[in-house]
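The values are calculated or read from the model by the stated rules, or taken from the named source; none is laboratory data. These numbers come from a predicted model, not from an experiment. Note that we place each Cβ from the backbone using ideal geometry, even for glycine, and neighbour counts take in every protein chain shown. Ligands, DNA and RNA are stripped out before the accessible areas are found, and what is left, the full protein with its side chains, is counted by its heavy atoms. Shrake-Rupley method; radii C 1.70, N 1.55, O 1.52, S 1.80 Å.
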Amino acid sequence: MQNVKIKASQINNLTDARYFAALGVEWIGFKLDLSSDDRVEPALFHGIRSWIEGPKIVAEIGKTPIDLFSEVYELNAFDLLQSSEPIEGRDLIIPFKPNNLEALNSLLPSSIYLLDLEHIPELELYASVSDLQNLNERFNFIWPAPRENNYLKLLLEEIKPYGIEVKGGLEEKVGFKSFDELDVFFDILEESAS
């Protein structure tokens, strides 16, 4: 469907998981940080997991120590871990919140980084397209989905990201949720791929 990889993050219900799996996203991430009150409990995770096929499953564990995490969740249920801490022998998605664009130059090119750019205004962020293109050619960045569609088109057409992150949310009631905004996002994604 698309050239850019999509990571659906913070999935906490079957409706979101099935929606994103049907669209062929690369990764589906579950918030499993043991210090978080809104994490997905093991029984719910396994229930949702049994209904989806295709995407790689990501455990979003934050700063939870891996030995503590593995006491609660089975590590073999996940294709990747998203962790702020290095974990020996595991494929990782590493969250990264740069203070400025220059901070991105200190990263290792072989890793996958999930950029947290909420503190940088979109206008400022997308003002330097050539700098972003150069960084993006050197690193595997998963960019947050822009809030405005014109920035999404710029991101897709000019910067050409490795990946884009979209987030799941709460259902209006069990099994019922509007995906109108996400449908627009995926329509733009499809247009840019053709």
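Give the residues of region 1-24 that are of a type outside the set (Gly, Ala, Ser), within 21 Å of Arg90 (Cα to Cα) and either part of a loop (DSSP other than H, G, I, E, B) or open to solvent by less than 10 Å² (accessible area, probe 1.4 Å) (or both), sorted by residue number.
Looking only at region 1-24, we keep the residues that are of a type outside the set (Gly, Ala, Ser), and these are 1-7, 10-16, 18-20, 23.
Remaining after also requiring within 21 Å of Arg90 (Cα to Cα): 5-7, 10.
Residues satisfying the conditions are Ile6, Lys7.
Out of region 168-194, which residues are under 17 Å from Ala145 (Cβ atoms), of a type in the set (Ser, Thr, Tyr) and part of a loop (DSSP other than H, G, I, E, B)?
Within region 168-194, just Ser178 meets the criteria.
Being assigned to a helix (DSSP H, G or I), open to solvent by less than 10 Å² (accessible area, probe 1.4 Å) and β-branched (Val, Ile, Thr) narrows it down to one residue among Ile61, Ile57, Ile48, Ile93; which is it?
Of the residues listed, the single one that is assigned to a helix (DSSP H, G or I), open to solvent by less than 10 Å² (accessible area, probe 1.4 Å) and β-branched (Val, Ile, Thr) is Ile48.
Which one is farthest from Leu14 (Cα to Cα) among residues in region 160-181 that are open to solvent by less than 50 Å² (accessible area, probe 1.4 Å) and modelled with pLDDT of 85 or more? Walk me through how you get there before you give the answer.
Kept after step one, since they are open to solvent by less than 50 Å² (accessible area, probe 1.4 Å), are these residues of region 160-181: 161, 163-166, 168-169, 177, 179.
From what's left, modelled with pLDDT of 85 or more: 161, 163-166, 168.
On the way: Pro161: 28, Gly163: 23, Ile164: 21, Glu165: 18, Val166: 16, Gly168: 10 Å.
My answer is Pro161.
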